[in-house]
Amino acid sequence: MLVFPNAKINIGLNIVEKRPDGFHNIESCFYPVGWSDALEITQAEQFSFHADGIAIPGNASDNLCIKAYEMLRSDYHLPPVKIHLLKTVPIGAGLGGGSADAAFAIKALNQLFNLNISVGEQEEYARRIGSDCAFFIRNKPMYCFGKGDEFDAIDINISGKWIALVNPGIHISTVEAYSGVVAKRSTGDLRTILSGPITGWKDHVRNDFEATLFQKYPLLADTKDKLYDLGAEYAAMSGSGSTLFGIFKEEQNVKQHFPDFRLWQGFLR
Ligand SMILES: C[C@](O)(CO)[C@H](O)COP(=O)(O)OP(=O)(O)OC[C@H]1O[C@@H](n2ccc(N)nc2=O)[C@H](O)[C@@H]1O
Ligand SMILES: Nc1ncnc2c1ncn2[C@@H]1O[C@H](COP(=O)(O)OP(=O)(O)OP(=O)(O)O)[C@@H](O)[C@H]1O
């Protein structure tokens, strides 16, 4: 079975409170975008994992796809599988790439072996892997709260817009990013703001990671400014960075300004 784990962006990210378990409660709109890895899982004589494309730091045996397989295998009789991952979504980039791979592995294994795991249960498994992971089970624009793994519907419509993603090539670990922020209660309701016109977002929809990370990596602030200069109706950093995104009314010629970018219209299911 071949699946294409896609990235997400965070449109707004309020870090509202530090939790007793060391994590943070956040409020964010998670939005799927079309930059994707490719993940193939097939039944095999013996288990194997192979990754191509962008190098993934750490041991191959710690890959989140393997974690997803082992987790399901502890509850279900799964045969050995061959897993092949083609990695193209940047790592440490605020795009949730590793989480998407794990969530899509859960969905693929469920389908491949007719495990009949409900969507809610798949989300439960995904939560055990990471805070971002559960979102990719439904993979639809959502208002996310708690650790980022609890969901509510959101009324957001940017389906006719163009989303440009710019990855400046800086690797930012999620732990590093959270360690630099001081949580604070949000002043307005993100859902209400995002349901309004995009022209009202610039001054009210913030990403709380930006202040510290923009100071540490000025290139990130410059890139965001450039997206606005190019005519973005809204621009921000996604998640814990380092990817910036701009939402444009019309397709822009961002290519000549940024060496590495992706551009989509709307979101891909
Ligand atoms: C920044 C975001 O990408 C926004 O969507 C996510 O909050 C990060 O989610 P993630 O990469 O799945 O993170 P996890 O693997 O669950 O956690 C990695 C580390 O990030 C910190 N962490 C993560 C999520 C959260 N709500 N609060 C945190 O403080 C914790 O130090 C944790 O040990
Ligand atoms: N399939 C995978 N893809 C990417 N990283 C993986 C994968 N499996 C395990 N990892 C580990 O996760 C680490 C990346 O985690 P991190 O949360 O910083 O980045 P990410 O998964 O790309 O998500 P984000 O976009 O939220 O930063 C890597 O350094 C790597 O060791």
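Of note:
- Selection within the stretch 94-104 - in contact with a helix residue (DSSP H, G or I) (Cβ under 8 Å, 6 or more places away or on another chain), near ligand 2 (Cβ under 9 Å from one of its atoms) and either in a helix (DSSP H, G or I) or among the hydrophobic types (A, V, I, L, M, F, W, C) (or both): 98, 99, 100, 101, 102
- Failed item, numbered, when residue 151 is tested on (1) among the hydrophobic types (A, V, I, L, M, F, W, C); (2) within 11 Å of ligand 1 (Cβ to nearest atom); (3) touching a strand residue (DSSP E or B) at 6+ places or on another chain (Cβ under 9 Å): (2)
- Count of residues meeting criterion [within 14 Å of ligand 2 (Cβ to nearest atom), more than 16 Å from the chain's Cα centre (by Cα) and without any contact (Cβ under 8 Å) to a residue 60 or more places away in the chain] in the stretch 1-49: 2
- Where strands (runs of 3 or more DSSP E) fall wholly inside the stretch 12-59, the ranges with 2 or more residues that are hydroxyl-bearing (Ser, Thr, Tyr) are 24-36.
- Residue selected from the stretch 198-225 under the condition closer than 22 Å to residue 185 by Cβ and either of a type in the set (Ser, Thr, Tyr) or within 16 Å of ligand 2 (Cβ to nearest atom) (or both), by the criterion surrounded by the fewest Cβ atoms within 10 Å (Cβ to Cβ): 212
- Residue within the stretch 87-94 that is surrounded by 20 or more Cβ atoms within 10 Å (Cβ to Cβ) and either more than 30 Å from residue 190 (Cα to Cα) or outside the structural domain of residue 126 (by TED's automatic domain parsing) (or both) present: yes
- Positions within the stretch 16-53 being of a type in the set (A, V, I, L, M, F, W, C), farther than 14 Å from residue 87 by Cα and either out of contact with any Asp or Glu (no Cβ under 9 Å at 6 or more places or on another chain) or buried (at least 23 other Cβ atoms within 10 Å of the Cβ) (or both), in sequence order: 23, 26, 29, 30, 33, 41, 44, 47
- Test: residue 203 is modelled with pLDDT of 95 or more and not assigned by TED's automatic domain parsing to the domain that holds residue 130: no
- Filtering the stretch 143-162 to residues that are away from ligand 2 (no atom under 16 Å from the Cβ) and outside any loop (DSSP other than H, G, I, E, B) leaves 143, 145, 150, 151, 152, 162.
- Each residue in the stretch 163-187 was checked for being outside any loop (DSSP other than H, G, I, E, B), within 14 Å of ligand 1 (Cβ to nearest atom) and of a type in the set (Gly, Ala, Ser), and 2 of them qualify.
The values are calculated or read from the model by the stated rules, or taken from the named source; none is laboratory data. Since the structure is predicted, the reported quantities are computational estimates derived from the model, not experimental observations. Ideal geometry is used to build each Cβ from the backbone, glycine not excepted, and the neighbour counts take in all protein chains shown.
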